[in-house]
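See structure below.
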Amino acid sequence: MTIKFGVMAAAVMAVTAVSQAPAQAQTGAQAEAAQRAQDPGARAGTSYDVSFANAAHHEAQITATYARVPAGPLRVQMARSSPGRYAIHESAKNVYAVSAKDGAGRPLTVIRSDPYGWTVAGHDGTVVVTYTLYGDWGDGTYAQIDTSHAHLNMPATFLWAQGYDDQPIRVRFHPFDPRWRIATQLPAGQGTNSFWAPDLQYFMDSPTEISAFSLREWPITDALGKRYVVRLAVHHAGSDADLDVYTAKVKRVIAQHYALFGQAPRYDYGTYTFIADYLPQITGDGMEHRNSTIITDKRGLAEAKFAQLNTLSHEFVHSWNVERLRPAELEPFDFTRANPTPSLWFAEGFTQYYGPLMIRRAGEMSVDDFLRTLGGTLSGVVTSPARRYGGPEEMSLRAPFVDAAKSIDPVNPNIFVSYYPYGAVIALALDLELRQRDPRLSLDAYMRHLWTTRGASERPYTPADLERGLAELTDAGFAKAFFDRSIHASALPDYAPLLRQAGLVMRPVDPAHGWSGLTLAAGEAGDVIVAAPPRPDAPAYAAGVERGDMVLALDGASVGDAASALAALATHRPGDRVAIRFRQRGVVRDAVMTLGTDPSFEVVRGETAGVAVSPAQMAFRAAWLGK
């Protein structure tokens with residue numbers, strides 16, 4: 001997700017604000033003028049004050065003050081979408097006890113005419129709205145408030161007023177615990193724990209963590225000689241030693257990102273901040289923002305082998321790809337609706353490809369571990385029945401229906417393959433085809449070309465611009481053929497010869513055993529149920545089995561539990577016929593499944609598969625995956 005911002009002053013973001021009292025000799029007006037000169041937020045049209053007295057019950061008390069309100073009613077509302085998300089999220093559901101007064105403290109009538117906002121009339125040019133926010137979902141989209149922290153995604157937290165989009169904003173936090181500090185990409189303002197934003201777009205894109213987090217920071221100098229500060233604010237229950245080990249890994253990984261693009265993005269306030277919560281009450285997620293990233297995981301730093309690094313690496317690629325090299329449809333961000341684009345296969349999918357690749361090149365992941373992830377992604381997309389219903393652009397446009405969007409009625413899972421893995425395997429194909437075409441070419445070169453021609457200057461792109469960029473790197477014929485085949489349509493290349501260049505082998509996962517396509521699980525009553533709809537090419541699908549059916553017998557033998565049923569099926573070979581009895585919505589049915597071969601495959605090193613690997617193939621592999 002990305003949005004466009006106006007010109008911002010060069011100032012370094014502070015983790016905590018420090019109050020500065022005006023000189024004693026100054027008059028009140030002089031002091032105010034001096035403060036305004038130092039803090040653009042002092043000219044704010046909107047000011048927020050946030051406290052957490054009832055943190056134990058997940059509540060925040062928020063006061064929003066709107067200055068210089070034009071004559072007539074003021075409309076305030078909660079966002080229905082959030083930067084980095086593509087579906088509707090109804091933030092207004094967690095706002096209540098809304099009241100208002102004018103600049104003289106007189107109560108004002110608050111009218112609620114629709115579910116998303118409130119209208120206040122009869123004011124004197126100032127409107128002060130106070131409300132309670134409930135938040136207990138800690139991820140990149142919502143808010144979580146408890147006695148250990150306040151984890152705030154801004155669209156889920158703050159009311160906003162129509163007509164104030166381009167005005168500066170001030171916010172002051174009152175931490176629940178005196179040990180709490182504040183991590184945010186917002187620049188520090190005047191006054192303790194005060195911050196500001198140049199406009200609504202930047203403010204809404206600035207998640208904030210308030211807790212007793214641990215902080216690591218270090219300077220970086222990019223290839224152009226520009227100096228920035230990288231900060232890692234981590235709220236976790238582990239040790240300092242765990243964090244030090246993790247920090248060292250992060251430094252090595254993000255160094256590969258800078259090498260990939262050739263320079264750092266322009267961090268507007270000189271600092272990039274990773275905000276991470278590794279807590280048992282959190283929900284796993286990662287969410288990019290312009291000068292920061294939110295990472296959440298239930299597991300501690302020492303518990304997951306690659307999970308934390310993979311999320312961090314993925315989101316950091318977004319500093320370039322999406323936050324600055326961005327789809328035209330996402331600018332500016334509209335908080336009242338879903339924000340779709342046909343280019344998520346590139347924005348998210350190419351990012352998905354580079355996340356683990358950066359970890360591999362940093363030496364923090366073995367070739368075998370990288371290939372295990374790559375093979376699973378490739379197998380899932382290549383064999384997916386969903387591609388018959390559309391290519392990556394169609395799957396990108398389905399994002400508002402799947403990006404954490406929930407509805408009562410179920411969706412057919414066989415018609416959608418996520419633009420994350422779909423885009424990743426397209427990136428793999430393009431990378432290997434470019435390297436095959438010319439040893440001087442690669443997907444790295446394509447990304448750098450797009451960065452220098454569009455990303456560094458923040459010129460939004462359309463799909464046609466992406467094709468044009470590939471043509472500029474290669475030629476128009478190659479670019480058109482690639483986009484016509486794999487972007488505008490759903491065809492994919494034969495990956496086996498492409499991977500063979502690196503001495504890698506594609507091989508079936510389980511060719512010896514029969515495959516039914518059944519996914520079985522234990523039901524509430526201890527019975528065996530079909531946990532997922534079979535694929536259309538699965539024997540179980542042809543037999544009429546569906547999600548939720550109860551499997552009663554296989555080959556005439558009663559089924560005891562899911563594990564034994566799967567074990568019984570595993571004794572068969574492809575081509576075997578297996579009788580199945582199942583109960584489907586109260587009706588007992590009998591059918592016969594002719595078992596097939598599992599279409600899944602894996603990618604392994606030639607050495608693992610007993611295939612000779614030449615020095616040229618090893619050199620290709622090293623140039624691609626790192627030594």
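The values are calculated or read from the model by the stated rules, or taken from the named source; none is laboratory data. Just so it is clear, the model here is predicted, and its values are computed rather than measured. Every residue, glycine as well, gets a Cβ built from its backbone with ideal geometry; the counts of neighbours run over all protein chains shown.
From the list Asp244, Asp222, Asp277, the one residue that fits, being in contact with a Phe, Trp or Tyr (Cβ under 6 Å, 6 or more places away or on another chain) and either at pLDDT below 95 or acidic (Asp, Glu) (or both), is Asp222.
The set of residues from segment 472-485 being surrounded by 14 or more Cβ atoms within 10 Å (Cβ to Cβ) and either small (Gly, Ala, Ser) or part of a loop (DSSP other than H, G, I, E, B) (or both) comprises Thr474, Ala479.
In segment 331-379, what count of residues is obtained for those that are among the acidic types (Asp, Glu), more than 18 Å from Pro392 (Cβ to Cβ) and either under 17 Å from the mean Cα position of the chain (by Cα) or crowded, with 23+ Cβ neighbours inside 10 Å (or both)? Steps first, answer last, please.
So the first thing to find is which residues in segment 331-379 are among the acidic types (Asp, Glu), and the list is 331, 334, 348, 364, 368-369.
This time we only want the ones that are more than 18 Å from Pro392 (Cβ to Cβ), so: 331, 334, 364, 368-369.
Keeping just the survivors that are either under 17 Å from the mean Cα position of the chain (by Cα) or crowded, with 23+ Cβ neighbours inside 10 Å (or both) gives none.
Qualifying residue count for the region: 0.
For Ile88, the conditions (1) part of a loop (DSSP other than H, G, I, E, B); (2) touching a Leu at 6+ places or on another chain (Cβ under 6 Å) all hold with the exception of (2). Restricting attention to segment 248-274, the residues that are in contact with a Ser or Thr (Cβ under 6 Å, 6 or more places away or on another chain), in a strand (DSSP E or B) and in contact (Cβ under 8 Å) with a residue 60 or more places away in the chain add up to 1.
Suppose we keep only residues that are polar (S, T, N, Q) and more than 30 Å from Pro439 (Cα to Cα) within segment 493-543. Which one would you say is nearest to the chain's Cα centre (by Cα)?
Thr519
With respect to Gly138, is the statement that it is surrounded by 21 or more Cβ atoms within 10 Å (Cβ to Cβ), touching a His at 6+ places or on another chain (Cβ under 9 Å) and not hydrophobic (A, V, I, L, M, F, W, C) true? For Gly138, the condition - surrounded by 21 or more Cβ atoms within 10 Å (Cβ to Cβ), touching a His at 6+ places or on another chain (Cβ under 9 Å) and not hydrophobic (A, V, I, L, M, F, W, C) - is met. Among the residues of segment 533-554, those identified as surrounded by 15 or more Cβ atoms within 10 Å (Cβ to Cβ) and touching a helix residue (DSSP H, G or I) at 6+ places or on another chain (Cβ under 8 Å) are Pro533, Pro534, Arg535, Val551, Leu554.
Give all pairs with beta carbons closer than 7 Å in which a residue from segment 146-170 that is in the same structural domain as Gly125 (by TED's automatic domain parsing) and surrounded by fewer than 22 Cβ atoms within 10 Å (Cβ to Cβ) meets a residue that is of a type outside the set (Val, Ile, Thr) and assigned to a strand (DSSP E or B); count only pairs at least 6 apart in sequence or on separate chains. So the pair list comes out as Ser148/Ser211; Ala161/Tyr66; Ala161/Leu74; Ala161/Arg75; Gln162/Arg75; Tyr164/Tyr66.
Yes or no: Val417 among the β-branched types (Val, Ile, Thr), surrounded by 21 or more Cβ atoms within 10 Å (Cβ to Cβ), part of a loop (DSSP other than H, G, I, E, B) and touching a residue at least 12 places away in the same chain (Cβ under 8 Å)?
On the way: among the β-branched types (Val, Ile, Thr): yes; surrounded by 21 or more Cβ atoms within 10 Å (Cβ to Cβ): yes; part of a loop (DSSP other than H, G, I, E, B): yes; touching a residue at least 12 places away in the same chain (Cβ under 8 Å): yes.
For Val417, the condition - among the β-branched types (Val, Ile, Thr), surrounded by 21 or more Cβ atoms within 10 Å (Cβ to Cβ), part of a loop (DSSP other than H, G, I, E, B) and touching a residue at least 12 places away in the same chain (Cβ under 8 Å) - is met.
Residue check: is Val120 without any contact (Cβ under 8 Å) to a residue 60 or more places away in the chain, in contact with a strand residue (DSSP E or B) (Cβ under 6 Å, 6 or more places away or on another chain), surrounded by 21 or more Cβ atoms within 10 Å (Cβ to Cβ) and not acidic (Asp, Glu)? Spell out how you get there, then give the answer.
Details: without any contact (Cβ under 8 Å) to a residue 60 or more places away in the chain: yes; in contact with a strand residue (DSSP E or B) (Cβ under 6 Å, 6 or more places away or on another chain): yes; surrounded by 21 or more Cβ atoms within 10 Å (Cβ to Cβ): yes; not acidic (Asp, Glu): yes.
It is true that Val120 is without any contact (Cβ under 8 Å) to a residue 60 or more places away in the chain, in contact with a strand residue (DSSP E or B) (Cβ under 6 Å, 6 or more places away or on another chain), surrounded by 21 or more Cβ atoms within 10 Å (Cβ to Cβ) and not acidic (Asp, Glu).
Here is the figure for segment 275-298: residues that are assigned to a strand (DSSP E or B) and either among the charged types (D, E, K, R) or outside the structural domain of Pro332 (by TED's automatic domain parsing) (or both) total 4. So which residues in segment 228-280 are among the small types (Gly, Ala, Ser) and buried (at least 21 other Cβ atoms within 10 Å of the Cβ)? Listed by number, the residues that qualify are Ala233, Ala264, Ala276. Among the conditions (1) in a helix (DSSP H, G or I); (2) among the hydrophobic types (A, V, I, L, M, F, W, C); (3) more than 20 Å from the chain's Cα centre (by Cα); (4) farther than 29 Å from Ala479 by Cβ, the only one that Ile408 does not satisfy is (1).
In segment 612-622, what count of residues is obtained for those that are closer than 16 Å to Leu371 by Cβ and either part of a helix (DSSP H, G or I) or acidic (Asp, Glu) (or both)? First the steps, then the outcome.
At the first step, the residues of segment 612-622 found to be closer than 16 Å to Leu371 by Cβ are 613, 617-618, 620-622.
From the residues that got through so far, the ones that are either part of a helix (DSSP H, G or I) or acidic (Asp, Glu) (or both) too are 617-618, 620-622.
Summing the residues that are closer than 16 Å to Leu371 by Cβ and either part of a helix (DSSP H, G or I) or acidic (Asp, Glu) (or both) in segment 612-622 gives 5.
Among the residues of segment 486-524, those identified as assigned to a strand (DSSP E or B) and of a type in the set (A, V, I, L, M) are Leu504, Val505, Met506, Leu520, Ala521, Ala522.
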